[in-house]
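The values are calculated or read from the model by the stated rules, or taken from the named source; none is laboratory data. Owing to the predicted nature of the structure, the values given are computational and were not obtained by experimental measurement. In this analysis, Cβ positions are derived from the backbone assuming ideal geometry, glycine residues included, and neighbour counts consider all displayed protein chains.
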Amino acid sequence: MSLIEIDNLSVTFDTAGRRVRAVQEVSIKVDAKASFGLVGESGSGKSTILRAICGLAPITGGQVRIGGEVVKSPRSKAFSAQVQMVFQDPYASLHPRHTIDRTLSEPLAIHGIPDTDTRVMTALADVGLPTSFRFRYPHQLSGGQRQRVAIARALMLKPQILLLDEPTSALDASVQAEVLNLLARLRDERGLTFLMVSHDLAVIDHMCDRVLVMQHGRAVEELSREALATAQMQTDYARSLFAASADRMLGG
Amino acid sequence: MTLLSVRNLRVTFDTETGPVEAVRGVSFDLGRERLGIVGESGSGKTMTGRSMLRLIRPPGRIEADAMTFDGTDLMAATETQMRALRGPRMAMVMQDPKYSLNPVMKVGAQLMEGLHQRDRVGRTEAYAKAVAALNAVQIRDPERVMEAYPHELSGGMGQRVMIAMMLIPNPDLLIADEPTSALDVTVQAEVLSILDGLVRDRGMGLIFISHDLRLVARFCDRVLVMYKGRVVEEVAARDLLNARHPYTQGLLNCLPRIGGNRGPLPGLDRTAEWAR
């Protein structure tokens, strides 16, 4: 049994006058401690899958199972202790009027976990931030530092699964490298399972064992890391995505 | 032929804690070619681009030993002369369509505004020109886009509208500030090929500002690498892999590669002599 099982997931939004089928019958299986990537252009439904798992988008068809159990709506506390999400834009995902301390201690308060003080300090140290940052506000931090706070927040409840929605696309190349290294280290230390969305194939390839290429809400092709590295994709769309990847220029 | 020549450009902002130099002595020449300026956030690449058009507001100050565009001394030009240059001769595509288009004005009206004001062309002709410009940047449904407000467009469409707007007066020099950073790789390739075609067909000079070294290398003829307001290296794009400066190498190596070894990515060493 896989840790994350998504069977024929569909997400449909009813907006004024028309139905938007954001995700259509996508199935994914991710084993414990594995990393799975979703790639595709904007509007391909890759982020919507992550949001549907967390309950931020409605599941209108199919099933999502975590550890064999179908997720309940609304999501339970046990669910959030197991699955957490890191969002794309660190400028928008942290509360601007809450200190880092408050952002990090909120999940602990909700779940009634004691030792807030030590846990917040450890969390900051784990993501490589000095403890002097504890009482700062998000606007006093750089983009990379904010994303570290967002990762720290997601890890406060010691989840097994992290859903990563373009965690580095708002960051500079050198800062992206630092954040990717941090994620890889935390994954190894804590045995985390990643489901990661990115439009950058090179980032996905660096972090994930398998990748699903999506277009217009549908799964196009699932590739192993080896197939990606040796350009053995079957569909034209996956190939064009591969060819457009800026990385190719320096392939030689 | 040199289109633009810049010597020892400095941009200074006076702040409460003393003057901050955003650009510290940048010099380069540009012909009818594609020049890339690369650097991290805060390296002064956008400020360099804006200085060419003298688009830096007080308390910012621009100083340079010389800055000439096609025979005109940009440092000595009056504001009226600058206005005549901006648009028809040199244009800039700003970074984010969300903030650079007027949110309460239809795209069509924004595209035609310059034609009415500057070129005094009539309504029908302006409309035709605007539609032609949208076609040139491969917007499939230009009539619909003309009637749309900026929030009704996707990031890629907005970006293309801004490029179209800058291309209507047919400038000799286009400064594109991160024109593709908000776009998907497939759309990015499309926008780049549009720009590429314009440089080739119209003989336009292009300054392409980006933080993506690989993209710039693939697209430009020459690359300036900036760090903390200085040009640390100038290199022909095809020789980028053999770049000598540790900062350029660091920027290249910190990017993950398809089929790479997945070890920790090397970070940038900012302790060396050049980083001061």
Picking from A:SER73, A:SER105, A:SER93, the residue that is polar (S, T, N, Q), closer than 25 Å to A:LEU3 by Cα and not in a strand (DSSP E or B) would be A:SER73
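Table: residues versus (1) within 9 Å of chain A (Cβ to nearest Cβ); (2) buried (at least 17 other Cβ atoms within 10 Å of the Cβ).
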| position | (1), (2) |
| --- | --- |
| B:LEU215 | yes, yes |
| B:LEU224 | no, yes |
| B:GLU233 | no, yes |
| B:ALA236 | no, no |
| B:LEU251 | yes, yes |
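So that you can scan it fast, the table gives a plain yes or no per residue for (1) in contact (Cβ under 8 Å) with a residue 24 or more places away in the chain; (2) of a type in the set (S, T, N, Q); (3) more than 14 Å from every other protein chain (Cβ to nearest Cβ):
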{"position": "B:LEU3", "(1), (2), (3)": "yes, no, yes"}
{"position": "B:THR48", "(1), (2), (3)": "yes, yes, yes"}
{"position": "B:ARG54", "(1), (2), (3)": "yes, no, yes"}
{"position": "B:GLY60", "(1), (2), (3)": "yes, no, yes"}
{"position": "B:MET75", "(1), (2), (3)": "no, no, yes"}
Total residues in the stretch B:1-48, condition within 18 Å of B:ASP65 (Cβ to Cβ) and of a type in the set (S, T, N, Q): 6
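Just to be sure, is A:SER240 under 26 Å from B:ASP239 (Cβ atoms) and either facing chain B (nearest Cβ under 8 Å) or surrounded by fewer than 23 Cβ atoms within 10 Å (Cβ to Cβ) (or both)?
Details: under 26 Å from B:ASP239 (Cβ atoms): no; either facing chain B (nearest Cβ under 8 Å) or surrounded by fewer than 23 Cβ atoms within 10 Å (Cβ to Cβ) (or both): yes.
Against the criterion (under 26 Å from B:ASP239 (Cβ atoms) and either facing chain B (nearest Cβ under 8 Å) or surrounded by fewer than 23 Cβ atoms within 10 Å (Cβ to Cβ) (or both)), A:SER240 does not qualify.
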Return the pairs, sorted by first residue and then second, in which the second residue is of a type in the set (A, V, I, L, M, F, W, C) and surrounded by fewer than 20 Cβ atoms within 10 Å (Cβ to Cβ), the first residue lies in the stretch B:144-163 and is within 14 Å of another protein chain (Cβ to nearest Cβ), the beta carbons are less than 6 Å apart, and the residues are 6+ apart or on different chains. B:GLY155/B:ALA182
Search result, residues across the stretch B:99-149 that are modelled with pLDDT under 85 and touching a helix residue (DSSP H, G or I) at 6+ places or on another chain (Cβ under 6 Å): B:VAL137, B:ILE139
Flagged in the stretch A:207-252 as at pLDDT 90 or above, among the β-branched types (Val, Ile, Thr) and over 18 Å from the mean Cα position of the chain (by Cα), in numbering order, are A:VAL220, A:THR235
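Would you point out which residue out of A:ALA231, A:ALA150 is on the phi > 0 side of the Ramachandran plot and either within 13 Å of chain B (Cβ to nearest Cβ) or buried (at least 20 other Cβ atoms within 10 Å of the Cβ) (or both)? Show your work before the answer.
Details: A:ALA150 fails: on the phi > 0 side of the Ramachandran plot.
Just one listed residue meets the conditions, A:ALA231.
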Scan the stretch B:170-187 and tell me whether some residue there is within 14 Å of chain A (Cβ to nearest Cβ), without any contact (Cβ under 8 Å) to a residue 24 or more places away in the chain and under 17 Å from A:SER245 (Cα atoms). yes
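Residue by residue, here is whether (1) surrounded by 13 or more Cβ atoms within 10 Å (Cβ to Cβ); (2) more than 14 Å from every other protein chain (Cβ to nearest Cβ); (3) part of a helix (DSSP H, G or I) holds:
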| residue | (1), (2), (3) |
| --- | --- |
| B:PRO88 | yes, yes, no |
| B:GLN95 | yes, no, no |
| B:ASN102 | no, yes, no |
| B:GLU113 | yes, yes, yes |
| B:ALA126 | yes, yes, yes |
| B:ALA133 | yes, yes, yes |
| B:ILE139 | yes, yes, no |
Just to be sure, is A:VAL197 more than 30 Å from B:GLY42 (Cβ to Cβ), among the β-branched types (Val, Ile, Thr) and more than 8 Å from chain B (Cβ to nearest Cβ)? no
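From the list B:VAL185, B:VAL161, which one is farther than 21 Å from B:GLY39 by Cβ and touching a His at 6+ places or on another chain (Cβ under 7 Å)?
Values: B:VAL161 fails: touching a His at 6+ places or on another chain (Cβ under 7 Å).
Sole residue among the options that is farther than 21 Å from B:GLY39 by Cβ and touching a His at 6+ places or on another chain (Cβ under 7 Å): B:VAL185.
With the structure loaded, tell me whether A:LEU157 is surrounded by fewer than 20 Cβ atoms within 10 Å (Cβ to Cβ) and within 14 Å of another protein chain (Cβ to nearest Cβ) or whether it fails that test. Step through it out loud before you land on a result.
On the way: surrounded by fewer than 20 Cβ atoms within 10 Å (Cβ to Cβ): yes; within 14 Å of another protein chain (Cβ to nearest Cβ): no.
Answer is no for this residue.
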Consider the stretch B:62-78. How many of its residues are over 21 Å from B:THR46 (Cβ atoms), of a type in the set (D, E, K, R) and either surrounded by 14 or more Cβ atoms within 10 Å (Cβ to Cβ) or modelled with pLDDT under 90 (or both)? 1
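How about the stretch B:9-54: which of its residues are of a type in the set (Phe, Trp, Tyr) and surrounded by fewer than 17 Cβ atoms within 10 Å (Cβ to Cβ)?
Result: B:PHE13, single match.
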All but one of (1) part of a loop (DSSP other than H, G, I, E, B); (2) free of Cβ contacts under 8 Å to residues at least 24 places away in the same chain; (3) not small (Gly, Ala, Ser) hold for A:PRO58; state the number of the condition that does not hold. (2)
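The rows are residues; the columns are (1) modelled with pLDDT of 85 or more; (2) closer than 20 Å to B:SER154 by Cβ; (3) crowded, with 20+ Cβ neighbours inside 10 Å.
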{"site": "A:ARG19", "(1), (2), (3)": "no, yes, no"}
{"site": "A:ALA22", "(1), (2), (3)": "yes, yes, yes"}
{"site": "A:LYS29", "(1), (2), (3)": "yes, no, no"}
{"site": "A:SER35", "(1), (2), (3)": "yes, no, yes"}
{"site": "A:GLY40", "(1), (2), (3)": "yes, yes, yes"}
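Please go through the stretch A:55-74 and give me each residue that is touching a strand residue (DSSP E or B) at 6+ places or on another chain (Cβ under 7 Å) and at positive phi, ordered by number.
Residues of the stretch A:55-74 touching a strand residue (DSSP E or B) at 6+ places or on another chain (Cβ under 7 Å): A:57-66, A:70-71.
A:GLY62 - this is the single residue of the stretch A:55-74 that is touching a strand residue (DSSP E or B) at 6+ places or on another chain (Cβ under 7 Å) and at positive phi.
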Starting from the stretch A:4-19, take each residue that is hydroxyl-bearing (Ser, Thr, Tyr) and list its partners that are surrounded by fewer than 11 Cβ atoms within 10 Å (Cβ to Cβ), counting only C-beta distances under 6 angstrom and pairs at least six apart or across chains. A:THR12/A:ARG19
Restricting the stretch B:30-56 to residues that are in a strand (DSSP E or B) and more than 14 Å from B:GLU233 (Cα to Cα), which is farthest from the chain's Cα centre (by Cα)? B:LEU30
Checking the structure you have, find out if any residue of the stretch A:126-139 is within 14 Å of chain B (Cβ to nearest Cβ), buried (at least 19 other Cβ atoms within 10 Å of the Cβ) and assigned to a helix (DSSP H, G or I). no
Criterion (over 20 Å from the mean Cα position of the chain (by Cα) and either surrounded by 16 or more Cβ atoms within 10 Å (Cβ to Cβ) or assigned to a strand (DSSP E or B) (or both)) met by exactly one of A:THR12, A:THR48: A:THR12
